[in-house]
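Okay, so here's the structure we're looking at.
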Amino acid sequence: MFHVGIKSTVCACAHGRLSTKMALPVGALRLNQLAVSRNFYKFTCCVGARSLSDNVSSKPVPSSATEVAGDHLIYTRDHFALQESLRKIVDQEINPHVDQWEAEGTFPAHKVFKILGNAGFLGVNKPVGQRDGGWWSHGELKATNVVKGFFYPGGGGVEYGGLGLDFSYSIAVSEELGNIRCGGVPMAIGVQTDMATPALARFGSAELKEEFLLPSIAGDKVACLGVSEVGAGSDVSSILTKAVKKGDEYVINGGKMWTTNGTQADWICLLANTSDGPPHRNKSLICLPMNLPGVHIARKIEKLGMWSSDTAEVFFDDVRVPCKNIVGQEGMGFTYQMLQFQEERLWAVGNIVTMMDNIIQETIQYTRQRKIFKLPVLYHQSVNFRLAELQTEVELLRSLLHRATALYIKGNDVTKLASMAKLKAGRLAREVGDSCLQYWGGMGFTSDVLVSRFYRDSRLLSIGGGADEVMLAIICKYMDTLPKK
Amino acid sequence: MSGRVLVGVKRVIDYAVKIRVKPDNSGVVTDGVKHSMNPFCEIAVEEAVKLKEKKFIKEVVAVSCGPQQAQETIRTALAMGADRGIHVEVTGKDYDTLGPLQVSKIFAALAKKEDAQLLILGKQAIDDDCNQTGQMTAALLDWPQGTFASEVSLEGDKIKVVREIDGGLETIKINTPAVLTADLRLNTPRYATLPNIMKAKKKKIAQVKPADLGVDITSRLEVLRVDEPPQRLAGVTVETVDDLVAKLKESGTI
């Protein structure tokens, strides 16, 4: 199995309310927008100007709202309560600032993660705690290549602050984060929760977990993932970063690329070669504080999209780190990273599904009021039919996501389904972005609207977190259609 | 003093939803529409939980009147820190015609039954904007009321309430038991944290019917018709103040 270019869970822009930059206390902002929304304004769209009436555009009713809690395939009332609470945080603490963060090319990760951490959203499927002297795992997947353990607190152990919930709750979180009006911030959150920390949570020592996992779940420390390199994206096994053992330290030399959160992270989960063995067995994961001498953040990468997420190129120049900072067993790093791919990929799909819903809804609203040749654009059959096609495919993808999640939490190996979902998600997001942007006409080409941001941000999904080609190869493997050696 | 606070929470159409009037003009569309706790009720819950955290009171009971779905609203209150809930079951036509007077009677009955020291409500609901329930409940109970509260402090067996009124702020001191209604700036409601959402599952919600409380919920009001406000017409720009005055005179406004 390969890994890819940009280590990121990818998501694109979401509908929300176009926020006004009024200096109102948060509570007042909500109630003020309430006062506005109670009027039946037409959705006005002045070029450049964000008028108050823009806030009137109603939130699209997410499809999960049409299903009663009892009928949903995987979500219970608790999932919906979780989403409702998270939505408030997104609406009040994140969305009002997204435009500014996109313009600045970064977002305050420590601040945002602390808010999420306080509310318990960074450790949804992380262990609750660990018993002194060891842990015991509850439930193991029988499927090949996947080991999953749940940890329960024993008497007198360390509390990691995780909630120990199953992966369906993580998916509920990822779907709700799709309401953030950009792809960068959800991606950064995804790195913190589901890319840099799962291996540590499962295989790290108690000491290591206390130093790195506990504060990451609390939102006190920002994590990043160091796997991809300039010369190695999809082909993880060919990374060059080396960690040479010298006494009770590793000396690390090399560099990492596409490091989301890289310019502001406190620590990096680094994959490095720790021996000379076969390429799938000579790598280890190491928890590396980013403030160690020798760690250079070479540059912040300018990208086509995901502007609010700072992506760094990092160099390691004789960086010394204690050997005990290795996660789990030496040589198992590659395997550990692979284990969490199903979760990473499904997480990315959760994000994008909500975003696509929102983009389609926003496009419907725009084309309903925008007239062309005396008819609303929406009433032209080519438009409403195309939106119907796109919505159909989004629902199909959502069904695949929920099906894969349902199977996964029961202990099945869902590599094939997760790869299919990721593949479809990347391609569908490009179609949705492209088609919807077309219907926005000239406005779609401006920076004032969400659809253009979505168009840029969502392009990453087919590349990062497992490129389309990698997904296809995995599916072929399961279909047994690859050339035989 | 029982140290018990009752908080009323109402399930309303979410503030961000675009309201649509039913084709028969009998009301607004509520089916399939996103609902959530009335924002002022959230502020009320937050205040009650804060008082408990400061140890002024011992127990917060969240109350909601309505159909099954009202329990979701109570659960949100539980996730914010309320200790238990009471769901007063009102469904169908009864729910459609349920208004402040009936709800006040229900709250008054419950306040007596639960031996409440304090009843905190939102100042008004964002669906009907009545701003009556708190005041009516206080009247029915013959309790003092501190409405439009932007600051509340308990001082012994009295409550100091700073009220937002048209002219500014008014500070009053009232005896307990009392009814308070929360205004916007009273506090900023906390986010229901995930651990608290999970803990809320174990908290109890009791079910009662209005009849059990001896309350007759027949409405004395009949909604004749619901309409959208008239479409806002385009404005006219004028160059000078004189033009403006002339136009206003022309339209008969002045």
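The values are calculated or read from the model by the stated rules, or taken from the named source; none is laboratory data. This structure is a prediction, so every number in the text was calculated from the model and none was measured. We place every Cβ from the backbone using ideal geometry, glycine too, and count neighbours over all the protein chains shown.
Table for the structure above
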{"item": "Residue identified as surrounded by fewer than 23 Cβ atoms within 10 Å (Cβ to Cβ), among the small types (G, A, S) and within 19 Å of A:M195 (Cα to Cα) among A:A467, A:A473", "result": "A:A467"}
{"item": "Number of the exception - B:L154 against (1) within 14 Å of another protein chain (Cβ to nearest Cβ); (2) modelled with pLDDT under 95; (3) assigned to a strand (DSSP E or B)", "result": "(1)"}
{"item": "Residue check, B:V236 away from chain A (no Cβ under 11 Å) and touching a residue at least 40 places away in the same chain (Cβ under 8 Å)", "result": "no"}
{"item": "Flag for A:T354 being of a type in the set (S, T, N, Q), in contact with a helix residue (DSSP H, G or I) (Cβ under 6 Å, 6 or more places away or on another chain) and at negative phi", "result": "yes"}
{"item": "Residue within segment B:176-193 that is surrounded by 12 or more Cβ atoms within 10 Å (Cβ to Cβ), assigned to a loop (DSSP other than H, G, I, E, B), more than 14 Å from chain A (Cβ to nearest Cβ) and modelled with pLDDT of 90 or more present", "result": "yes"}
{"item": "Search result, residues across segment B:194-208 that are touching a Lys or Arg at 6+ places or on another chain (Cβ under 6 Å) and within 10 Å of another protein chain (Cβ to nearest Cβ)", "result": "B:A200"}
{"item": "Test: A:K410 is of a type outside the set (A, V, I, L, M, F, W, C) and surrounded by fewer than 17 Cβ atoms within 10 Å (Cβ to Cβ)", "result": "yes"}
{"item": "Selection count where residues are in a strand (DSSP E or B) and surrounded by 17 or more Cβ atoms within 10 Å (Cβ to Cβ), scope segment A:300-314", "result": "4"}
{"item": "Residues of segment A:168-201 satisfying the condition of being in contact with a strand residue (DSSP E or B) (Cβ under 8 Å, 6 or more places away or on another chain) and not small (G, A, S)", "result": "A:M187, A:V191, A:Q192, A:M195, A:T197, A:L200"}
{"item": "Positions within segment B:141-163 being buried (at least 18 other Cβ atoms within 10 Å of the Cβ) and in contact with a Phe, Trp or Tyr (Cβ under 8 Å, 6 or more places away or on another chain), in sequence order", "result": "B:R163"}
{"item": "Residues satisfying the stated conditions in segment A:283-299, i.e. of a type outside the set (G, A, S) and surrounded by fewer than 16 Cβ atoms within 10 Å (Cβ to Cβ)", "result": "A:N291, A:L292, A:P293, A:H296, A:R299"}
{"item": "Filter result for A:T260 (touching a strand residue (DSSP E or B) at 6+ places or on another chain (Cβ under 6 Å), in contact (Cβ under 8 Å) with a residue 60 or more places away in the chain and of a type in the set (V, I, T))", "result": "yes"}
{"item": "Residues satisfying the stated conditions in segment A:359-404, i.e. among the hydroxyl-bearing types (S, T, Y) and surrounded by fewer than 20 Cβ atoms within 10 Å (Cβ to Cβ)", "result": "A:Y379, A:S382, A:T392, A:S399"}
{"item": "Residue within segment A:94-111 that is touching a Lys or Arg at 6+ places or on another chain (Cβ under 7 Å), modelled with pLDDT of 95 or more and within 14 Å of chain B (Cβ to nearest Cβ) present", "result": "yes"}
